[in-house]
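Single-structure report; data block below.
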C-alpha cells in the first residue's frame, strides 16, 4: 500500500511518527527479553485492565498512587506479539506520515496520545467485566486513520492486487478503503472476538476521535500552511 499526496511545503522528517515507531519497537524488544511470567505481569501492570481502571471502590489516593489513569497511555506502546506490532506500525507509517505533515509534530503527538488514551477508555467501558489487559496502539492508530480521512477526503491509496498470475497496481479513493475498514470494525464488535488486546470499540472510538480532532484543527492547520 502506498500514499501519494501533493504538497506546496517542503516536507520535513516525520519526527513524531519515527519516535512512536522507535518507542513501540524498543518496548516490544525489551518485553521479549523477559520470562513469560514477568512479561505477563508487566502487561497487566501497565496495560489498560477494565476491571482495575473502573473499580470505583478503590480510594482515590490508591488509584493515583497506582497510576491507573496513566495506564491508558502506557498501554498504547505495549504489543502482544510481532503480528500485533507490525500491523499497527504499518498503518501508522502509511497514514501517520502525511497526517503529521499536515498537523505538525506537536499536534500529531497530541492526537496519537490523547486519541489512544480515550480510545482505550472507550474499550474499557465496553469490556467492563474483563480482567485481561487492553494493549497496543490500535486505538491511537485508528485515531490517525480518522484524522487522515478528514484531512485528505479526496486522497487515493495505491494497492497492489494479485490478478491471476500478475500483480496489478490500482488507485482507489481513500474514503472507500477506510470506510470498508471502519465497517469491518463495526461488524467485528458483534461477531468477532472482543477480549484482551482485541477490543473493537477501541478502534471505532479512536477513529471517530481522530475525525473530530482533525476537523477542529483545520483552522490551525490553515494558519500553519500560510506561515
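Can you give me the number of residues within the range 178-225 that are surrounded by fewer than 17 Cβ atoms within 10 Å (Cβ to Cβ), under 20 Å from residue 72 (Cβ atoms) and at pLDDT 90 or above?
Total meeting the criteria: 1.
In this structure, does residue 42 turn out to be free of Cβ contacts under 8 Å to residues at least 60 places away in the same chain, surrounded by 15 or more Cβ atoms within 10 Å (Cβ to Cβ) and in contact with a strand residue (DSSP E or B) (Cβ under 7 Å, 6 or more places away or on another chain)? Steps first, answer last, please.
Details: free of Cβ contacts under 8 Å to residues at least 60 places away in the same chain: yes; surrounded by 15 or more Cβ atoms within 10 Å (Cβ to Cβ): yes; in contact with a strand residue (DSSP E or B) (Cβ under 7 Å, 6 or more places away or on another chain): no.
Taking the combined requirement at face value, the residue does not satisfy it.
Looking for something in contact (Cβ under 8 Å) with a residue 40 or more places away in the chain and in a loop (DSSP other than H, G, I, E, B) - is there at least one such residue anywhere in the range 92-105?
First, pick out the residues of the range 92-105 that are in contact (Cβ under 8 Å) with a residue 40 or more places away in the chain: 92-105.
Narrowing the set further to residues that are in a loop (DSSP other than H, G, I, E, B) leaves 104.
Yes, there is a match, as at least one residue in the range 92-105 is in contact (Cβ under 8 Å) with a residue 40 or more places away in the chain and in a loop (DSSP other than H, G, I, E, B).
Considering only residues that are under 18 Å from residue 155 (Cβ atoms) and loosely packed, with under 15 Cβ neighbours inside 10 Å, which ones fall in the range 60-92? Quick ask: steps written out before the conclusion?
Filtering the range 60-92 for residues under 18 Å from residue 155 (Cβ atoms) gives 90-92.
Result: 90, single match.
What tally of residues in the range 65-81 results from selecting those that are out of contact with any helix residue (DSSP H, G or I) (no Cβ under 8 Å at 6 or more places or on another chain) and in a helix (DSSP H, G or I)?
1
State whether one or more residues within the range 135-152 are modelled with pLDDT under 80, over 27 Å from residue 55 (Cα atoms) and outside any helix (DSSP H, G or I). Outline the logic, then answer.
Step one: list which residues in the range 135-152 are modelled with pLDDT under 80, which gives none.
So far as the range 135-152 goes, no, none of its residues is modelled with pLDDT under 80, over 27 Å from residue 55 (Cα atoms) and outside any helix (DSSP H, G or I).
Would you confirm, using the coordinates I've provided, whether residue 130 is surrounded by fewer than 17 Cβ atoms within 10 Å (Cβ to Cβ) and either closer than 29 Å to residue 222 by Cβ or touching a strand residue (DSSP E or B) at 6+ places or on another chain (Cβ under 9 Å) (or both)? Working first, answer last.
Values: surrounded by fewer than 17 Cβ atoms within 10 Å (Cβ to Cβ): no; either closer than 29 Å to residue 222 by Cβ or touching a strand residue (DSSP E or B) at 6+ places or on another chain (Cβ under 9 Å) (or both): yes.
The answer is no for residue 130.
Return the residues of the range 99-114 that are surrounded by fewer than 21 Cβ atoms within 10 Å (Cβ to Cβ) and touching a helix residue (DSSP H, G or I) at 6+ places or on another chain (Cβ under 7 Å); say none if nothing qualifies.
104, 105, 107, 109, 113
The values are calculated or read from the model by the stated rules, or taken from the named source; none is laboratory data. Only a predicted model underlies this, so the values are computations on that prediction, with no experimental measurement involved. All Cβ positions, even for glycine, are placed from backbone atoms using ideal geometry, and neighbour counts span all protein chains on display.
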